Amino acid sequence: MAVSAMYLAYVGLPVLTAVIGVGLIYWIYRLQWDRPGAKTFVLLLLVGKVWMLSVVAHIVVSDPDLQRAAAMLETSAAFGSYGLFAVFVSQYTGSGFHRHPIAQAALAALVGGTTVLSFTNWSHGLLYQRLVFRREPFTYYEFVYEPGFIVLILLLAAVIGYAWSVLVKYLLSTSQRSEVQLVLLLAGGLAIAVAQVLGKAGVFPAAGLAHAAYGALPFNVLTTVALFRLRLFDIQPVARNAVVENLRDPVLVLDEDGRVVDFNGASTRIWPNLGEHVGEPLGIACPDLTDAVSFPETSEETAGRLTGQFDGAERHYSVNVAQVSRGRDDRHWYSVLLRDVTALERSRWQLEKQNERLDQVASTISHDLRNPIQVADGYTEMLDDMVAADGLNAADADEAQAYLRKTSETHSRMEAIIGDVLTIAREGKTVESTERVALSTVARDAWANVDTKDATLTVADDRRLQADRSKLLTVFENVVRNAVDHGPEDVTVAVGATADGFYIEDDGPGIPAEHADDIFEYGYTTTDDGTGLGLSIVETMAESHGWSVELETPDGEGASAGTRFVFTGVGGGSVVDDQDPQPTS
């Protein structure tokens, strides 16, 4: 019974290996046929099936001549499998060493030479002089090898050893994300050598039988798991060093078909689930990056831009794409390097805003100030003419006083314009230093600086924020002044916090919908005595902090009830609720 069980084990394991190999071949053909080295790997498995079946035949058949033929076919198929494994490693790693003349000669000697010499050994005896027939634990032939076979074994060891050194060096240069796959692949490859060594050491019952074939089962199983279940074919590591892995800038590697095959840790800050999309096209793994990537056809890099909400904030990246050579492989992969240029982009944006403000100052000086001066000059000339006349009657005196009032009002308007222009020119620069201030405190201080008549201020809730206090006061003063000037005498102004900033609103008549897009325009006003710069100053002060300000209007046509300005991008401390807000008159 013990012999029967052992017999079944020696026959069943090669059969099981062959069956698993068939399933692996089908899997590769259906899903992985276009992968580098896939076709060679399939050919390796096919030759491996011949190897397994010849092992079975060597044990099962009873005719001595057929047993000897099966034993010789077993040797030839084994050497063929080893040779194909070396070719697969060469293609998979992209090293192309199998194309070197020396490697080709060695492979030809291993595969072709072993086959020819094995089946013609009867005429020369270079590989073995005789076959020893064994009856325990079952019938099989044991080879008694000659020096020629030892030479082939040494050549095989050199070729396979070099292939393993290339593979190990290649795999060790990958990221730690594929360490499980690499361990499985290495264990599967070593299983064949371990089985053969244990057989020669007498650990297995049939000591004279070549046991390398019995290591093919773990090779097939572990390789299947590594290549397909854990997607080592998809990972396809590329050489990198600690510098690349530790770069703070995201780096991705794409294969020749634009699929993600590798990335560094910084990439997961933008795409946290990137590890789940290895082997998938870039458009699926990183859809927002597709439009920014242009694949170069030469060695020169291509450049693009990427802007989006990443890590809870808007960020800007420059995207550089370059070809990556794979050794002697004619195909090219691509490296995608993203550099965070958010600070540079903000500086550029702020510089553009400052230049716009300078243009606005020049426009104001050349047009808005010139017109009041011309008006004042006109009234002055009229007054001169009246004074030059022979005396003034009562009516002319009243008219002259009216001209003087107009001149004084015009000069006052000029003074207001000059003050607003100076505010924009001097304080519109980017904020360089800030302090922690309370929204409620700044609102009440600004309220005290403006003639608010019978108006009322209410602080709904409070928050702490980082700001230039002087500029923030200017923001509140101008919004409050706008509410008082355009609303009823008893207008109520409310201030409160939002999730990303604060708001200032009033219950006045509101702003007509047709004017909503123009209120921040430089010089826009609806009154004759306004400068048209108040809300422009508000926007300028907000932008100097890196904030945004918008007029929030309800849906629908016509005038909205009240005016609400919302400031966003402020950040700062948490909101502090004011359960019993105290109005300020």
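The values are calculated or read from the model by the stated rules, or taken from the named source; none is laboratory data. Note that the structure is a prediction, hence the values are computed from the model and not measured. Reconstructed Cβ throughout: ideal geometry from the backbone, glycine too, with neighbour counts over all protein chains shown. Heavy atoms of the whole protein, side chains included, go into the accessibility calculation; ligands, DNA and RNA do not. Shrake-Rupley method; radii C 1.70, N 1.55, O 1.52, S 1.80 Å.
Descriptive notes on the structure:
- These residues, R463, R481, R339, go from largest to smallest accessible area, 1.4 Å probe, as R339, R481, R463.
- With the whole protein complex present, W547 retains an accessible surface near 10 Å², based on a 1.4 Å probe.
- Relative contact order %, region 265-353, counting alpha carbon pairs below 8 Å whose residues are six or more apart: 19 percent
- Taking region 5-233 and dividing mean pair separation by its residue count, relative contact order in percent (alpha carbons under 8 Å, at least six apart): 19 percent
- Put a plus charge on the Cβ of each Lys and Arg, a minus charge on the Cβ of each Asp and Glu, and nothing anywhere else: the dipole of region 433-488 about its Cα centre is then about 180 debye.
- Built amide H within the under 5 Å cut-off of D468, gap 5+: E435
- About the Cα centre, charge dipole magnitude for region 247-344 (Lys/Arg +1, Asp/Glu -1 at Cβ), debye: 280 debye
- Segments 52-63, 125-136 sorted - mean Cβ within 10 Å per residue, highest first: 52-63, 125-136
- Apportionment of accessible area to carbon and sulfur, region 66-186, percent (1.4 Å): 69 percent
- Accessible-area rank, largest first, for E297, E280: E297, E280, with all protein chains present and a 1.4 angstrom probe.
- Here the peptides 201-212, 535-546, 253-264 are ranked by packing, the mean other Cβ count within 10 Å, and the order with the highest first is 535-546, 253-264, 201-212.
- Karplus-derived HN-Hα couplings along region 39-45 (A = 6.51, B = -1.76, C = 1.60, θ = phi - 60°), whole Hz, x at Gly and Pro: 5, 5, 5, 5, 4, 4, 5
- Per-residue surface analysis assigns S433 an accessible area of about 80 Å², computed on protein heavy atoms at 1.4 Å probe radius.
- Simple label model, 7 Å out from Cα along Cβ direction - A105 to A201, nm: 3.6 nm
- Computed accessible area, K39, all protein chains, 1.4 angstrom probe, square angstrom: 110 Å²
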